[in-house]
Amino acid sequence: MSLPQKAFVLIRHGQTDANRDGVIAGRTEAMLTGTGRAAAAALSALPWPGRIRVFCSPQQRAKDTAALIFPGHSLTAHPGLRERDWGIFEGRPLSEQPPRLSHPSGGEAWEEMLARVALALRDCLGAAGPALPVLVAHSGVIRAARALTGGDYGGASPPNTTPLLFTPRTSGGFEETVFDGKTPYELRHL
């Protein structure tokens, strides 16, 4: 599924107790740590453009992170931005996590997650209108977005509370960079 040729920012929620403890917490609710809350609050000082539209996963760790980064902004929770369901692996150590492309028993297949995230991205980018869409979600959602935009979805987990700017390339796909609020970008390529 193709995505609109529009720039967007994805942010992984702040560090949680599950991240700190090395536990799989896909659909399991995990709470932000003090470190995670502080890192999210620090992002509120970033020079965000005047016109942004904030979307987040309906899971508490993403909603709490979005509220800390964007106090006073309206937040729109989108169910398609939730983390992957790891089924029987929920709550187990990360060392037991099955391969990403597998279908964990009782959980969500990678292909299903890609389709869900593609629809969520299309919805959010469209609903943002002329504003920059900023989405606060999870590691798995960022990996899926990377796969959908022609990037590398393997390797280490995306870092917590690091804004990642996805900018369409004229040659196809998207370029991923860290959003610093200072580097100019084009919101839309025609």
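For this structure, a couple of remarks:
- Distance from the stretch 98-169 to the stretch 70-86 (C-alpha centre basis), Å: 12
- Label point distance in nm, A131-H103, each placed 7 Å from Cα along Cα→Cβ: 3.8
- Estimated from the Cβ-Cβ distance and a Förster radius of 41 angstrom, the FRET efficiency linking L94 and T170 is about 0.60.
- Cα-centre dipole for the chain with unit charges at Cβ (Lys and Arg positive, Asp and Glu negative), debye to 20: 440
- Ellipticity estimate at 222 nm from DSSP helix runs (n ≥ 4, -39,500 (n - 2.57)) divided over the chain, nearest 500: -8500 deg cm²/dmol
- Extension gain, I52-A115: 0.36 nm per intervening residue step, less the Cα-Cα distance, totals 20.2 nm.
- Pairwise label distance in nanometres, M31 with S74, each label 7 Å out on the Cα-Cβ vector: 3.2
- Gyration tensor verdict on the stretch 111-190 (Cα atoms; rounded if a/c is under 1.5, prolate if a/b is larger than b/c, oblate otherwise): rounded
- Of the trypsin sites (Lys or Arg not before Pro) found in the stretch 39-142, the ones in coil according to DSSP and having at most 11 other Cβ atoms within 10 Å of their Cβ are R51.
- Expressed as a whole percent, the accessible surface of the stretch 19-139 that belongs to carbon and sulfur atoms is 56, based on a 1.4 Å probe.
- Trypsin sites (Lys or Arg not before Pro) restricted to the stretch 128-184 and DSSP loop, no more than 13 other C-beta within 10 Å: R169, K182
- Reported label for calculated Cα extents along the principal axes in Å given (1) 43, 36, 25; (2) 87, 41, 23; (3) 52, 50, 36: (1)
- Inter-label distance for A156 and Q60, nm, one decimal - labels placed 7 Å from Cα along Cα-to-Cβ: 2.9
The values are calculated or read from the model by the stated rules, or taken from the named source; none is laboratory data. Computed from a predicted model, the values in this text were never measured in an experiment. Methodologically, a virtual Cβ is constructed for each residue, glycine included, from the backbone with ideal geometry; neighbour enumeration extends over all protein chains shown. Keep in mind that these areas ignore ligands, DNA and RNA; they rest on the heavy atoms of the full protein, side chains included. Shrake-Rupley method; radii C 1.70, N 1.55, O 1.52, S 1.80 Å.
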